[in-house]
1. Please give the peptides 139-147, 108-116 ranked by average Cβ packing (other Cβ atoms within 10 Å per residue), highest first, as a rough proxy for protection.
2. What order do you get for THR61, THR153, THR84 when you list them from fewest to most C-beta neighbours inside 10 Å?
3. What lysines sit close enough to LYS231 to cross-link, taking a C-alpha to C-alpha distance under 28 Å and skipping anything fewer than 8 places away on the same chain?
4. Treat each spin label as a single point 7 Å out from the Cα along the C-beta direction, and report the ARG181 to THR61 distance in nm.
5. Show the residues, 5+ positions off or on another chain, whose built amide H is closer than 5 Å to the amide H of PHE114.
6. How much net charge surrounds ARG86 when only other residues with a Cβ under 13 Å from its Cβ are counted (Lys, Arg +1; Asp, Glu -1)?
7. How big is D, in µm² s⁻¹, for the stretch 5-233 by Stokes-Einstein at 4 °C and 1.567 mPa s if Rh is the Kirkwood radius over C-alpha pairs?
8. Based on the mean of other Cβ atoms within 10 Å per residue, sort peptides 64-75, 163-174 so the most packed one is first.
Amino acid sequence: MVAKEKHYEKIYRKFGSSISEAYDCGRICAPLNGGQPVCCTTDHAVPVVTNHEWRVLKKRTDLWSKFKPKDAVARQIVDDLPSTCRAVECKGAAFCERENRSLACRAFPFFPYFTKEKELVGMSYYWTFEDRCWVMSNFQIVEKKFIKEFISTYEFLFKKDDDELEAFLEQSANMRRVFSRKKEIIPIIGRDGGYLKVLPKTGGKVVPAKLSDFKKHGPFVSDKAYRKEIKAEGGDSKGKTLEPDWSIKDWWNHE
């Protein structure tokens with residue numbers, strides 16, 4: 001059982017909210033990624049869609065195209081994909097059509113987190129992006145409307161697609177293995193917008209958490225660390241801060 005085109009059309013109607021209306025997260029990560037938000041280029045992440053979702057996107061827009069690997073690592077990613085999926089790329093953040101984002105794009109950096117008992121308790125994140133995605137260090141900006149749509153959308157998807165359900169069950173299990181080895185908690189935003197954490201070395205025990213339990217990562221621990229990393233990436237760190245003037249919405253024309 002797999003989700004068809006009609007299901008993805010419904011998903012796009014159900015799930016359109018931003019992570020935050022008040023904060024433009026791309027404004028923070030872009031200086032660390034050549035001026036582009038980390039989730040809007042294939043330098044760090046290659047978007048993957050099912051063949052059915054790809055057909056929907058191609059009908060709706062010319063924003064997306066088939067991903068063309070530029071190195072051996074990228075070629076391996078494409079080669080390892082099952083025949084039911086394909087790697088894609090968009091034109092970039094400056095050309096974004098928000099109504100035509102893929103499901104993975106709408107959800108990033110989060111994925112639906114399942115317990116060992118296969119209970120969907122909320123959402124956690126793709127941890128390999130901790131040093132590039134500011135949102136992972138700032139759960140407080142994630143709005144309840146986004147959370148509600150996220151959970152509702154994935155519950156709908158899992159009723160239509162067994163493969164997607166199995167993929168996220170495995171993703172959750174893999175995160176437990178990785179974080180147990182690191183002896184670190186898994187941070188979770190619960191279905192109701194509250195905070196949870198999975199304790200390491202406990203077989204996946206989930207307990208209530210506070211925002212202060214979740215550490216900040218890499219360049220997002222301080223302005224000093226942020227500017228240092230921008231310089232290391234060859235960028236201009238002058239005036240860059242983790243607390244910019246958020247009233248400026250069209251920040252592409254201001255920085």
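Rule-based calculations on the coordinates, nothing more; no lab input. Bear in mind that the values here come from a model prediction, so they are computed numbers and not experimental data. Glycine gets a Cβ as well: all are built from the backbone with ideal geometry, and neighbour counts include every protein chain shown.
1. Most protected by this proxy first, the peptides run 108-116, 139-147.
2. Taking fewest neighbouring Cβ atoms as first place, the list is THR84, THR61, THR153.
3. The reachable lysines, counting only those whose Cα sits under 28 Å from LYS231, are LYS70, LYS91, LYS215, LYS216, LYS240, LYS249.
4. Here the modelled spin labels are 3.6 nm apart.
5. Under 5 Å from the amide H of PHE114: SER172.
6. Taking every Cβ under 13 Å from that of ARG86, the sum is 0.
7. In µm²/s, the coefficient rounds to 70.
8. 163-174, 64-75
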